[in-house]
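Each reported figure results from applying straightforward, stated rules to the coordinates on display, with no laboratory input. Every value quoted in this text rests on a predicted model; they were computed, and no experiment measured them. Ideal geometry is used to build each Cβ from the backbone, glycine not excepted, and the neighbour counts take in all protein chains shown.
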């Protein structure tokens, strides 16, 4: 362990900048975006410095810590606000600050016509600070603060244009779905505290291997619930599509590259719990496999370019979650896919933003078509991201996704075949729906109104896209060559260095299969979308209808959770009003009635009062007389 | 003469006063009846003082007289004020303190 004094600035700088921009208000309108971008860039520089410092150290000296202050100290229980930068955190720090800075730069141009641009940047900085706290906290409690912080930033940014009620509702939906997950995380922390008496990663890890299996499974299941909420995994995935209501840079940064991957971070960080509980691991792979197919199927039917990309994000995170459930080797591949996905998906979202920028905020892909001639740079950067996500060699997705498919097949037995098959099918559908997005948007003939004047975006927008496109091309090769990522993360996720058993399928076989299904998917999409009607056809199969409606996830939630919930609240309200309030009111009413009768005695005539007094006195005397008799 | 006759007289006077307070409407008469009740008590006090052979009852009767004097001053002032404002000394008219 090494100590570092720089870590706190990673969080403090964006946090202070965010507070400053919010407090100064309109006074900061002129330079707010510049400050926010500068701060985000500085955080990236600190991250890079720390990365090189870490590389120069070796072995156990690599992780760096910084103690900020003692947060709470109760008897023998102590929680410190401490930061931990290890091989896993640094990968996230570089991704968050790097992609974050590019998206800050992009947003300067993208949001230039918005009068609330300063507020937007304040929220972005708040998000960067919270996300860095999430990945840098050295205990579950510190992580929880960041976890809630990114939820808040996400809510604020989805509802950034909350003058539109639908957008405000989308923000609320995301917040509520996230809260369900947050309950899981807080329960996991409580169980960990009750079982182990500590909430720090190191402490829980120490206790984990002699804890009861039931406790570990409970913690694992609760952590999975938390991850499902934050990472839009089944069954809490319904919020991600609506979250596209936020400005496109937000979708790129928060709802594609960073925040939604927090669930993968959480599971990878808690690897000692999942490795010790086969049940929890099984739950993780089931959730991952369901979501990767779910998202892919939904992605095939969306006409809104951002929602199609959101469905794709859901599916790709499904791959990552699946990988984290596959044991020590899976974690490294999950993080690798997370980083490559951060590049290509953020790049494609920024590309979608660029298209919307040129097309008067039109998002319906049926109204695009033939944009390649008008937006060459966007087309190229988007195209590189596209090649990366479908997994064409030598682009990034090829290295990271094929590894996950391969690991899934090698999980052994029927489980391996099912998971590998699901992952392979997902790859085919991914190729299909991403080809559909590209064909509908950039190829074919023009289908937009004459009012629209598509044009290439300014340099401030295309330069970040180009950098991310370079990442989409190279990151996979860089991370995979010489098993760089696996070796880098090995001390964190595989400290005992597991030897892998028999390989069920050779890598070359898996790659060949993956390329074959990808080619099939691409060809199917090209054939199917040779002509595209401007209005979505209504005479479609039940499957298309279901996919258009997110496989009835919303209807399910409304029928099973929302309506019974509403019934329950109205029932409780009725009980409260009629029975509880009724009892209280009955007491009051009867007292009032009795008082009404007694009040008649008070007729205001002094002589009556005197008579009553006299009678009372006589009664008193009579009583005394009788008693003493 | 039997000393208990004073007590009977006191009781009779008190009863007359009490009945007067209850049945009469004229504030002045009611007031006089109250005075009558007070003096009936005084008589009882003094009688008991005599019976017990100490001065406690006599002292108490002085207190009663002082209180009665104060009461007369305030009571008459109230009656006069009410009469000035309402041109009536009937206590049934001054019944605003009802519900």
Exercise for review: Give the residues of segment A:337-357 whose amide nitrogen is closer than 17 Å to a point set 7 Å from the Cα of residue A:166 in the direction of its Cβ.
Suggested key: A:356
**Study point:** Label-point separation in nm, residue B:64 to residue A:535, each point 7 Å along Cα→Cβ
**Key:** 10.8
Practice item. Bin all alpha-carbon pair distances of segment A:560-628 at 10 Å intervals from 0 and give each bin's fraction as a whole percent. Key: 16, 19, 19, 16, 12, 9, 7, 2
Exercise for review: Shielding by partners for A:606-618, please: the mean number of other protein chain Cβ atoms within 10 Å of each residue's Cβ.
Suggested key: 4
Revision key, fill the gap. Here the convex hull volume per residue of segment A:227-266, taken over Cα atoms and given in Å³, is 46
Revision key, fill the gap. Taking Cα pairs closer than 8 Å and at least 6 residues apart, the relative contact order of segment A:145-290 in percent is 29
Review point. Averaged across the residues of B:20-32, what count of C-beta atoms belonging to other chains lies within 10 Å of each residue's C-beta?
Key: 2
Check your understanding: Considering the zone a paramagnetic label at residue A:49 would reach in this model (a point 7 Å from Cα along the Cα-to-Cβ line), which residues of segment A:1-19 have amide N under 13 Å from it?
Key -> A:4-11, A:13
Review point. Along the Cα-to-Cβ line of residue A:520, 7 Å from the Cα, sits a label point; which residues in segment A:529-561 have backbone N less than 19 Å from it?
Key: A:529
Exercise for review: For chain A, find the longest principal axis of its Cα atoms and tell me its angle to the long axis of helix A:87-110, 0 to 90°, nearest 10.
Suggested key: 90
Exercise for review: Taking all pairs of distinct Cα atoms, average 1/r, flip it, and tell me the Kirkwood hydrodynamic radius of segment A:85-223 in Å to one decimal place.
Suggested key: 16.8
**Study point:** Solution diffusion estimate, µm²/s, Stokes-Einstein, chain B, Kirkwood Rh from C-alpha pairs, 10 °C, viscosity 1.306 mPa s
**Key:** 106
Exercise for review: Please give the peptides A:464-473, A:131-140, A:311-320 ranked by average Cβ packing (other Cβ atoms within 10 Å per residue), highest first, as a rough proxy for protection.
Suggested key: A:311-320, A:131-140, A:464-473
Revision key, fill the gap. For chain A, longest principal axis from Cα atoms; helix A:278-299 axis from its Cα atoms; angle between them, nearest 10 degrees, is 70
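What's the ranking of B:24-34, B:2-12 by average number of surrounding C-beta atoms within 10 Å, highest first?
Most protected by this proxy first, the peptides run B:24-34, B:2-12.
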Check your understanding: For chain B, what does -39500 (n - 2.57) per DSSP helix run (n ≥ 4), summed and divided by total residues, give at 222 nm, in deg cm²/dmol to the nearest 500?
Key -> -27500 deg cm²/dmol
Study note, to complete from the structure: Share of Cα-Cα pairs in segment A:162-556 beyond 38 Å, whole percent, is 17
Revision key, fill the gap. So the compactness index of segment A:396-493, its C-alpha Rg divided by 2.2 N^0.38 Å, takes the value 1.53
Study note, to complete from the structure: Everything considered on the Cα gyration tensor (a ≥ b ≥ c; rounded for a/c under 1.5, else prolate if a/b is larger than b/c, else oblate), segment A:444-545 must be described as oblate
**Study point:** Pairwise centroid distance, computed over Cα atoms, of segment A:529-580 with segment A:150-201, Å
**Key:** 22
Review point. What is the extension gain from residue A:2 to residue A:474, computed as 0.36 nm multiplied by their sequence separation minus the C-alpha to C-alpha distance, in nm to one decimal?
Key: 166.8 nm
Study note, to complete from the structure: Pseudo-spin-label distance residue A:76 to residue A:583, built 7 Å along Cα→Cβ, given in nm, is 4.4
Exercise for review: Which order do the peptides A:534-544, A:233-243 take when ranked by the mean count of other beta-carbon atoms within 10 Å per residue, highest first?
Suggested key: A:233-243, A:534-544
Review point. Taking the alpha-carbon set of segment A:4-133, what are its Rg and Dmax in Å?
Key: 16.5, 55
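Determine the shielding of peptide A:200-210 by partner chains: average, over its residues, the number of Cβ atoms on other chains within 10 angstrom of each Cβ.
The shielding value for this peptide is 0.
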Point to revise | Inter-label distance for residue A:455 and residue A:61, nm, one decimal - labels placed 7 Å from Cα along Cα-to-Cβ | key: 5.7
Review point. Compactness ratio of segment A:237-309: Cα Rg over 2.2 N^0.38 Å, N = residue count?
Key: 1.30
Study note, to complete from the structure: Longest principal axis of chain A (C-alpha) makes with the long axis of helix A:117-136 (C-alpha) an angle, in degrees to the nearest 10, of 90
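With the convex hull built on the Cα atoms of the protein assembly as shown, state its orientation-averaged projected area in nm².
It is 54.2 nm².
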Review point. In whole percent, what relative contact order does chain A give with Cα contacts below 8 Å and a gap of six or more residues?
Key: 12
Check your understanding: Is it possible to state the helix-based mean residue ellipticity at 222 nm for chain A, with each DSSP H run of 4+ residues giving -39500 (n - 2.57), the sum divided by total residues, to the nearest 500 deg cm²/dmol? What is it?
Key -> -23500 deg cm²/dmol
